[in-house]
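Each remark here refers to the structure printed beneath this line.
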Amino acid sequence: MKVNGTQYRTIWVGDDGWRVNVIDQTQLPHNFKISTLETADDAARAISTMMVRGAPLIGATAAYGICLGMREDASDGGLDRVCELLEHTRPTAINLRWAIHEMRRVLRNIEGKLRVDTAYTHASNMCAADIETNQAIGRHGFELLVKLSDHKPTGKPINILTHCNAGWLATVDWGTATAPMYTAHNAGLLVHVWVDETRPRNQGAALTAFELSQHGVPHTVIADNAGGHLMQKGEVDLCIVGTDRTTAKGDVANKVGTYLKALAATDNDIPFYVALPSSTIDWSISDGLTEIPIEQRAIREVTHITGRNVDGSLATVQLTPDGTNAANYAFDVTPARLISGLITERGVSEASASGLQALFPEYAPTAKAKGHKNVHFITCCSEC
């Protein structure tokens, strides 16, 4: 997508053919900064500090982190070390594990310099596949929006509520939850997006609003707790959010606060959709509440906030009294029963085991055989 009229992806290899460039999302929306990753440690740091974030982009960054690691040490031991380093950066996003698994699978039986070249080629292919997947999600979600528009008065936009940032900044390009919005906007369909600010890191106010603004999509930033009120007043036609991990039965882990929006949507008979690439499905688990690890981040993200001063400088200020404790749960789990459908690259699925298996029959959830532990499968999106 474009920033100030220039086309960008969120991650790309530099002109030298090996350094990796990323948009530093900790600087948005006030500063647009491109940072360069030169080592696997740089890639791990970019993921853990949320310089890059969003499940698909985390996976892409991990893939390129392995490329950088192979430049330092292309041995089997080097491959194992870089994979272990990256695996510990963010525990909830399944795309991280998926990308590492895919890179390790491809590189394991390749040696020497060819291993480095193959790593870069495969990482590039994974990024290209992410874009194709998101464009397909956009087309399938667009069909839902077209049906809704048939029931709107002439000249009235479809009002979509979204939480956090599942936009192009969270992927390589196009986004997941935003892909239907961009597709609709490009097609001339009138849409308006209610953007949850998404405390504590304000990814909605800072990132989703930034990218929608750059693309010209009408939007309004709202306080996190305003969504239910807008639903009660008939100001929301549907919700579309993203996900960092989806179970084989359709439970979804997304940015904390998503569950409350799903409850409000259900209470007000408003469709609640989740947009996701199939690489976000963890076929090895079925109960999101008990089986998805929920990341807890630094309490400073809750107790402090960064913004722009009148003079244009950035400043971080403390919100809470000295000595006040805080908790910072990064995600929550929305049960499948609250979800109207899952928008994937293959179509819209019911949020259930049968619904997902109908779209992806080649994958099956892990069976819990009596006396045996689960076998964990990491799956690839259909284009890879």
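The values are calculated or read from the model by the stated rules, or taken from the named source; none is laboratory data. The model shown is predicted, which means the values in this text are computed figures rather than measured ones. Glycine also receives a Cβ, built like all others from the backbone with ideal geometry; neighbour counts cover every protein chain displayed.
Miscellaneous remarks
- Counting the residues of the range 238-266 that are in contact with a helix residue (DSSP H, G or I) (Cβ under 8 Å, 6 or more places away or on another chain), of a type outside the set (A, V, I, L, M, F, W, C) and assigned to a strand (DSSP E or B) gives 4.
- Any hit, the range 279-291, residues being of a type in the set (A, V, I, L, M) and surrounded by 24 or more Cβ atoms within 10 Å (Cβ to Cβ): yes
- Restricted to the range 69-169, the set of helices (runs of 4 or more DSSP H) holding at least 3 residues that are crowded, with 23+ Cβ neighbours inside 10 Å and not aromatic (Phe, Trp, Tyr) comprises 94-107, 113-149.
- When restricted to residues that are without any contact (Cβ under 8 Å) to a residue 60 or more places away in the chain and either within 16 Å of Thr92 (Cα to Cα) or part of a helix (DSSP H, G or I) (or both), the range 267-298 contains 9.
- For the range 299-334, residues that are assigned to a strand (DSSP E or B) and among the basic types (Lys, Arg) total 1.
- Meets criteria (in a loop (DSSP other than H, G, I, E, B), more than 21 Å from Met181 (Cβ to Cβ) and modelled with pLDDT of 95 or more) for Asp16: yes
- Taking residues in the range 66-84 that are in the same structural domain as Ala44 (by TED's automatic domain parsing), and partners anywhere that are exposed (fewer than 13 other Cβ atoms within 10 Å of the Cβ), the pairs with Cβ atoms closer than 8 Å and at least 6 places apart or on different chains are Ala74/Glu111; Ala74/Gly112; Ala74/Lys113; Asp76/Arg108; Leu79/Arg108.
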